[in-house]
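Following: one structure in structure tokens, then a few remarks.
The values are calculated or read from the model by the stated rules, or taken from the named source; none is laboratory data. What you see is a predicted model; the values in this text were computed from it and never measured. Cβ: placed from backbone, ideal geometry, glycine included. Neighbour counts: every protein chain shown.
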Amino acid sequence: MRLKVVGHEAQQGGYWAEVPAIPGCATQGETFEALLANLYEAGEGCLSVGLAPIQTGEPDRIMDIAAGSECESRSEEMITTPSSPE
């Protein structure tokens with residue numbers, strides 16, 4: 001899995017970064033190398049949080065879509081899967 005990360009220089013020195021796709025997922029480091037190491041740990045931790053399964057019913061559909069400018073003309077590629085109770 002690839003995630004986009006936004007890195008910033010901290011006003012007090014060092015660096016901090018956030019993962020926009022995962023609300024609340026952010027970390028910091030005194031050096032850029034430390035920031036990178038912390039990012040892997042933070043991303044893994046944020047993704048491992050146990051979330052309650054989403055309840056779906058008969059009229060619901062689960063969809064996998066791609067977003068971004070490279071996908072504007074590819075709406076026909078959207079894949080839909082009928083929901084199934086877990």
Sort out which residues of segment 15-38 are surrounded by 15 or more Cβ atoms within 10 Å (Cβ to Cβ) and either assigned to a helix (DSSP H, G or I) or among the small types (Gly, Ala, Ser) (or both), and write them in order of number. Ala17, Ala26, Gly29, Leu35, Leu36, Asn38
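Please verify whether Ile54 is surrounded by 10 or more Cβ atoms within 10 Å (Cβ to Cβ) and either within 16 Å of Met1 (Cβ to Cβ) or at pLDDT below 90 (or both), treating the condition exactly as stated. If you could, list the steps in order and put the result at the bottom.
Values: surrounded by 10 or more Cβ atoms within 10 Å (Cβ to Cβ): no; either within 16 Å of Met1 (Cβ to Cβ) or at pLDDT below 90 (or both): yes.
Answer is no for this residue.
When the residues of segment 1-14 are filtered to those that are in a loop (DSSP other than H, G, I, E, B) and in contact with a strand residue (DSSP E or B) (Cβ under 8 Å, 6 or more places away or on another chain), which remaining residue is surrounded by the fewest Cβ atoms within 10 Å (Cβ to Cβ)?
The first filter runs over segment 1-14 and keeps only residues in a loop (DSSP other than H, G, I, E, B), leaving 1-5, 10-14.
Next cut, in contact with a strand residue (DSSP E or B) (Cβ under 8 Å, 6 or more places away or on another chain) only: 5, 10, 14.
Numbers: Val5: 19, Ala10: 12, Gly14: 15.
That would be Ala10.
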